[in-house]
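This report concerns only the one structure given below.
The values are calculated or read from the model by the stated rules, or taken from the named source; none is laboratory data. Just so it is clear, the model here is predicted, and its values are computed rather than measured. Neighbour counts are summed over all protein chains in view; Cβ atoms, including those assigned to glycine, are modelled from backbone coordinates with ideal geometry. Each accessible area value is taken on the protein alone, full model and side chains, heavy atoms only, with ligands, DNA and RNA left out. Shrake-Rupley method; radii C 1.70, N 1.55, O 1.52, S 1.80 Å.
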Amino acid sequence: MTDAPASFELVPGAAASPVILHVPHSSRAVPAGVRPGIVLSDAELERELDHMTDAHTAEIAGAAAALAGRTPWRFVNRTSRLVVDPERFPDEREEMAAVGMGAVYTRTSHREVLREDGTDPGPLIERYFRPYARAMTEAVADRLAATGRAVVLDVHSYPSEPLPYELHGGGPRPPVCLGTDGFHTPPALLAAAREAFAPCGETGLDSPFAGTYVPLDFYGRRAEVGALMVEIRRDTYMTEPGGPAGPGLPRLAAALAALVDAVSG
């Protein structure tokens, strides 16, 4: 694990595409300057990365972008969510802070110590979280300016069996979970996703994970920003935990490409 050349990357798509494929949890990279604050041994850290990384989701998004009729934009986190989680609130609004998983995690997937109690999250928030949030806000603003709308498709994966950190792990765990927002997920977007992912098995709604990511400058304010979270159950495309991708990956990439095409306009 070495310092990544950049903590995130915006991969340009077609000028007329409103779609941004957002991939926040695909990386295993922990920069050298961050590693000393994590109390796990190297072997323990590798296992935690196995559990918490949405493995191969950047590959799924990249393959979907290549297949789509109009190439979507891609915003990809190049550092691990164990550095900062760009999809968490950095304050008291974040419910996952109750299990030590706010924007800067202090507990592992199994509720063990990841960082010492009393760790100041401020430096990591300033170095990694705020630049990421600004860049994602700018990416959405750019799509609005160019096309009059933006569609953020959040690409995630989740384990077939609940991990101890999950607050809502007791519900259904379908092959594809679609996370929605009452303001930013219009019925047409949800219907398009259900149709696109039908070849991949059952699609469920907001279980085991709910909601979707919208930069706060637009959240609840700009209906032209559509958003949907796509949570793919890992056993449908890879060996768990943290293993190689399998034959399910191309099928999922094709389904994601079909969704991109359906909402590209």
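Miscellaneous remarks
- Whether the range 153-265 is rounded, prolate or oblate, judged on the alpha carbon gyration tensor where a/c under 1.5 counts as rounded: oblate
- Helix 57-67 axis, angle to the chain major axis (alpha carbon atoms, nearest 10°): 20
- Computed helical MRE - 222 nm, the chain, DSSP H runs ≥ 4 contributing -39500 (n - 2.57), nearest 500: -8000 deg cm²/dmol
- Virtual paramagnetic centre 7 Å along Cα→Cβ of Asp217, amide N under 17 Å, in the range 122-149: 129-149
- Two-site FRET efficiency, Glu126 against Glu44, from Cβ-Cβ distance with R₀ of 25 Å, rounded to 0.05: 0.40
- Sulfur and carbon atoms: percent of accessible area, the chain [1.4 Å]: 54
- Given charges at beta-carbon only (K, R positive; D, E negative), |dipole| of the range 147-196 in Debye: 140
- Relative counts (whole %) of C-alpha pair distances in the range 1-129, using bins that are 5 Å wide: 2, 10, 19, 21, 18, 12, 8, 5, 2, 0
- Calculated FRET value between Arg35 and Arg93, using beta carbons and R₀ = 30 Å, to 0.05: 0.55
- Basic side chains Lys and Arg get +1 at the Cβ, acidic Asp and Glu get -1 at the Cβ, and with that the dipole of the chain about its Cα centre reaches some 700 debye.
- Protein heavy-atom accessible surface, 1.4 Å probe, per residue over the range 75-188: 42 Å².
- Full extension of the chain between Arg134 and Glu9 gives 43.7 nm of extra length, using 0.36 nm per residue less the Cα-Cα distance.
- Nearest-ten-degree value, helix 42-52 long axis tilted from longest Cα axis of the chain: 30
- Averaging the sequence gap over all C-alpha pairs within less than 8 Å and six or more residues apart, then dividing by the number of residues, gives the chain a relative contact order of 24 percent.
- Lys/Arg +1, Asp/Glu -1 at C-beta; the chain dipole; positive extreme among Ala68, Gly220, Val230: Ala68
- Amide H contacts under 5 Å for Arg107: Leu114, Arg115, restricted to partners 5 or more places along the chain or on a different chain, H placed in the peptide plane at 1.01 Å from N.
- When peptides 179-188, 254-263 are ranked by their average number of other Cβ atoms within 10 Å per residue, the highest-first order is 254-263, 179-188.
- Shape class for the range 103-190, computed from the alpha carbon gyration tensor (a ≥ b ≥ c): oblate, with a/c not under 1.5 and a/b at or below b/c.
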